[in-house]
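Step one of this worksheet: look at the structure below.
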Amino acid sequence: HEQEASLDSAAASDGRALGGLGICLSEAWPDSLFAATEGMRDASNPTAFTQRKLKRLGRYLTGNPRLVWRYAGVDPVDKATVYADSDHAGCKRTRRSTTCGALMLDGHLILEWCLTQALVSISSTPL
């Protein structure tokens with residue numbers, strides 16, 4: 001993506017509010033957590049591109065029903081399973097990676113997370 005100008009302060013504030021709402025709503029729409037995290041990637045200095053990502057997330061949330069968590073009788077936990085995935089420099093603009101995961105207890109989703117990793121540079125200069 002080409003370098004985009006920052007939004008004015010009112011639009012930037014609205015963008016951060018939408019991104020925060022997306023993070024909060026990811027409890028009811030767990031499949032939206034990655035998109036909400038990506039939308040908040042530029043929260044300190046949002047651009048028109050950031051705004052487009054968040055609007056797309058909003059259209060997705062309004063067009064899909066929320067998830068209702070129902071747990072049948074809870075027995076002692078026999079099995080805990082953790083799923084994790086990373087997109088390895090998935091953001092083409094910043095080259096930052098995002099790692100997401102989920103903790104399941106006996107088939108019930110207990111915890112999910114999505115984190116943007118810090119940049120790590122490796123020198124290719126021989127010593």
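The values are calculated or read from the model by the stated rules, or taken from the named source; none is laboratory data. Only a predicted model underlies this, so the values are computations on that prediction, with no experimental measurement involved. Heads up, the Cβs are rebuilt from the backbone with ideal geometry, glycines too, and the neighbour counts pull from every protein chain shown. Remember, those area values only see protein heavy atoms, side chains included, never the ligands or the DNA or RNA. Shrake-Rupley method; radii C 1.70, N 1.55, O 1.52, S 1.80 Å.
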Q) Size of the dipole of the chain about the Cα centre, Lys and Arg at +1 and Asp and Glu at -1 on the beta carbon, nothing else charged, in debye to 20? A) 400 debye
Q: Check each of the trypsin sites (Lys or Arg not before Pro) in segment 35-120 and keep only those in coil by DSSP with at most 12 other C-beta atoms within 10 angstrom; list them in order.
A: ARG66, ARG70, LYS79, LYS92, ARG95
Q) With every protein chain left in place, what is the accessible area per residue of the chain in square angstrom, probe 1.4 Å? A) 70 Å²
Q.
Taking the 0 to 90 degree range and rounding to the nearest ten, how far is the long axis of helix 48-63 tilted relative to the main principal axis of the chain, both from C-alpha atoms?
A. 30 degrees
Q | 222 nm mean residue ellipticity, helices alone, for the chain (DSSP H n ≥ 4; -39,500 (n - 2.57); rounded to 500) | A | -10000 deg cm²/dmol
Q | Rounded if a/c under 1.5, otherwise prolate or oblate - segment 1-49, Cα gyration tensor axes | A | oblate
**Q.** Net charge, CYS100 excluded, C-beta distance under 14 Å - Lys, Arg +1, Asp, Glu -1
**A.** -3
(Q) Which cysteines in the chain lack any other cysteine whose Cβ sits under 4.7 Å from their own Cβ? (A) CYS24, CYS91
Q | Selection from ALA72, ALA118, THR47 lying farthest towards where the dipole of segment 12-127 points positive, charges on Cβ | A | THR47
Q) Using 17 Å as the cut-off for backbone N distance, which residues of segment 57-83 belong to the label zone defined by a point 7 Å from the Cα of ALA28 along Cα→Cβ? A) 57-70
Q: Quantify, in whole percent, the carbon and sulfur part of the accessible surface of the chain (1.4 Å probe; protein heavy atoms only).
A: 58 percent
Q | Sparsely packed chymotrypsin sites (Phe, Trp or Tyr not before Pro) within segment 1-103, loop by DSSP, other Cβ within 10 Å at most 14 | A | TRP69, TYR71
Q | Cα gyration tensor, the chain - rounded (a/c under 1.5), prolate or oblate | A | oblate
Q.
Only sites in a loop by DSSP and with at most 12 other Cβ atoms within 10 Å count here; which GluC sites (Glu not before Pro) in segment 1-98 make the cut?
A. GLU2
Q) Simple spin-label model, 7 Å along Cα-to-Cβ: SER6 to ALA80 in nm? A) 4.2 nm
(Q) Under a crude label model (7 Å from the Cα following the beta-carbon direction), how far is ALA118 from ARG59 in nanometres? (A) 3.7 nm
